[in-house]
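A short worksheet on the structure shown next.
The values are calculated or read from the model by the stated rules, or taken from the named source; none is laboratory data. Computed from a predicted structure; not experimentally measured. Please note: Cβ atoms are built from the backbone with ideal geometry, for glycine as well, and neighbour counts cover all protein chains shown. For accessibility, only protein heavy atoms count, side chains too; no ligands or nucleic acids. Shrake-Rupley method; radii C 1.70, N 1.55, O 1.52, S 1.80 Å.
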Amino acid sequence: MSDRMPHHREVQDLLIEQMRRDLARPNWWKTIWGRVTVAGGILAVAGAGVAAVVLLEERPVSETSVVHCLEGPYRNPDGTLSGAAASVATPDGVIAIEDAEALCTQMWEGGAFADNDELSASPTPGSAPSEFTTCVTDEGEAAVVPGRVECSVLRLHPFQD
């Protein structure tokens, strides 16, 4: 009896032929689908980088007539900022707001964010948070968020002094 496997020669020829095909096959990144995959990956990384730079770019407050005082570190379900927007009007017109955090502190202490009757002439005073984070909207308006938060979480820009 022979120690060889049956059809040894045919199996060996098939294995050699398969190895030659494998060695002759181009690397995956040299094929059309490989190149499309690599190009798509590069575009995705570049797009994410550009989006991160645009969103994380510090901006100064350029529109000082409006300040957004947020209720918390979140947006409304429709994407708008939570809380209220405020401006200071005089008989001569709207004046620039120099200290956005001070305005929002006054709103918090005045009860603007407490559970009050909206028709009440004298709302119950509230307490202001101890810390605020100032962010900037795409329109250049200040958005004051209670607490210490990362502005990019709210799709806002960090404040540039």
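Brief remarks follow.
- Close pairs from segment 84-95: first on the phi < 0 side of the Ramachandran plot, partner of a type in the set (S, T, N, Q) and surrounded by 10 or more Cβ atoms within 10 Å (Cβ to Cβ), Cβ under 7 Å, at least 6 apart: Ser87/Ser65; Val94/Ser65; Val94/Ser87
Table: residues versus (1) touching a helix residue (DSSP H, G or I) at 6+ places or on another chain (Cβ under 8 Å); (2) open to solvent by 90 Å² or more (accessible area, probe 1.4 Å); (3) basic (Lys, Arg).
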| position | (1), (2), (3) |
| --- | --- |
| Arg9 | no, yes, yes |
| Ile16 | no, no, no |
| Trp33 | no, yes, no |
| Gly49 | no, no, no |
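- Taking the listed residues Gly41, Gly72, Gly34, Gly47, the one that is part of a helix (DSSP H, G or I) and touching a Pro at 6+ places or on another chain (Cβ under 9 Å) is Gly34, with no other qualifying.
- Verdict on Pro158 being modelled with pLDDT of 85 or more, touching a helix residue (DSSP H, G or I) at 6+ places or on another chain (Cβ under 9 Å) and surrounded by fewer than 19 Cβ atoms within 10 Å (Cβ to Cβ): yes
- The single residue among Pro77, Pro129 that is surrounded by 14 or more Cβ atoms within 10 Å (Cβ to Cβ), under 25 Å from the mean Cα position of the chain (by Cα), in a loop (DSSP other than H, G, I, E, B) and of a type outside the set (A, V, I, L, M, F, W, C) turns out to be Pro129.
- Some residue of segment 109-116 being at pLDDT below 85 and within 27 Å of the chain's Cα centre (by Cα): yes
- Residue list for segment 91-116, restricted to those being under 27 Å from Gln160 (Cβ atoms) and among the charged types (D, E, K, R): Glu98, Asp99, Glu101
- Boolean, Ile95 is out of contact with any helix residue (DSSP H, G or I) (no Cβ under 6 Å at 6 or more places or on another chain), loosely packed, with under 12 Cβ neighbours inside 10 Å, farther than 24 Å from Arg155 by Cα and β-branched (Val, Ile, Thr): no
- Breaking point among (1) in contact with a strand residue (DSSP E or B) (Cβ under 9 Å, 6 or more places away or on another chain); (2) free of Cβ contacts under 8 Å to residues at least 24 places away in the same chain; (3) of a type outside the set (S, T, N, Q), for Ile16: (1)
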